[in-house]
């Protein structure tokens, strides 16, 4: 059965991306961080033959942005209209048959090994989440052998410590849930400094 990995991404345009982070470190450093993280994730995930990589991007008009370039074929699609939950549910429900794993583009620690574990867990669970340390989640995966709830992301308090709990509360009792490793996303200047210290980088220029 085909496997699908969806990378959810915003074009790394200074002043229009990672605005909470940009308030702390500046527009250009925030955009550089997004661009570097995207390039690393695309290179890491596109080279694996175990799945097909899709980029679902916003703004919808930026399908030709150079940030999406890859040495290997990558399918680029617009996220389309709606709030974050509606846009995330779209590929989970409408991609060709096979399990789907969707990840965000602001988790620099994501590696292909995390995706392998997610698909392995989907072998026995209907849904999989990758918790973030701030209460959100960096990955959602669906086996798709049963219908996904239309309201999976309804009422989720995004960008809060309640996001994962809100999504899990929407899962009906007939669907099984698995959890992956907890990773850190980078939304604020404090997150960014912790990430750089963990990687042994110097101060932000």
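Below are the figures for this structure:
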| quantity | calculated |
| --- | --- |
| Cα shape, the stretch 111-205, gyration tensor, a/c 1.5 rule | oblate |
| R0 of 35 Å, Cβ-Cβ distance residue 23-residue 145: FRET efficiency to nearest 0.05 | 0.25 |
| Of all DSSP beta bridges in the stretch 4-199, antiparallel share, percent nearest 5 | 30 |
| Folded to 0 to 90 degrees: helix 189-199 orientation relative to the chain principal axis, Cα | 90 |
| Between helix 27-46 and the chain: long-axis angle, C-alpha atoms, 0 to 90°, nearest 10 | 40 |
| Ranked list, fewest to most other Cβ atoms within 10 Å of each Cβ, for 105, 147, 159 | 147, 159, 105 |
| Distance in nm between pseudo-label sites at residue 190 and residue 109 (7 Å out along the Cβ direction from Cα) | 1.7 |
| Residues 45, 179 arranged by fewest to most Cβ contacts within 10 Å | 179, 45 |
| Helical contribution to [θ] at 222 nm, DSSP H n ≥ 4, -39,500 (n - 2.57), averaged over the chain, rounded to 500 | -10000 deg cm²/dmol |
| Whole-number percent relative contact order across the chain, with pairs defined as alpha carbons under 8 Å at least 6 apart | 22 |
| Nearest-0.05 FRET efficiency for residue 161 and residue 198, computed from C-beta distance (R0 22 Å) | 0.55 |
| Residue exposure sequence - 198, 52 - by fewest surrounding Cβ within 10 Å | 198, 52 |
| Contour minus Cα-Cα distance for residue 176 and residue 124 (0.36 nm per residue) | 17.9 nm |
| Principal-axis tilt of helix 84-94 within the chain, Cα atoms, nearest 10 degrees | 50 |
| Projected label distance in nm at residue 75 and residue 13, using a 7 Å step from Cα toward the beta-carbon | 2.6 |
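Taken together, the values in this text are just the output of simple stated rules run on the coordinates, not laboratory data. Keep in mind that what you see is a predicted model, and the values were worked out from it rather than measured. So basically every Cβ, Gly included, is an ideal-geometry build from the backbone, and we count neighbours across all protein chains shown.
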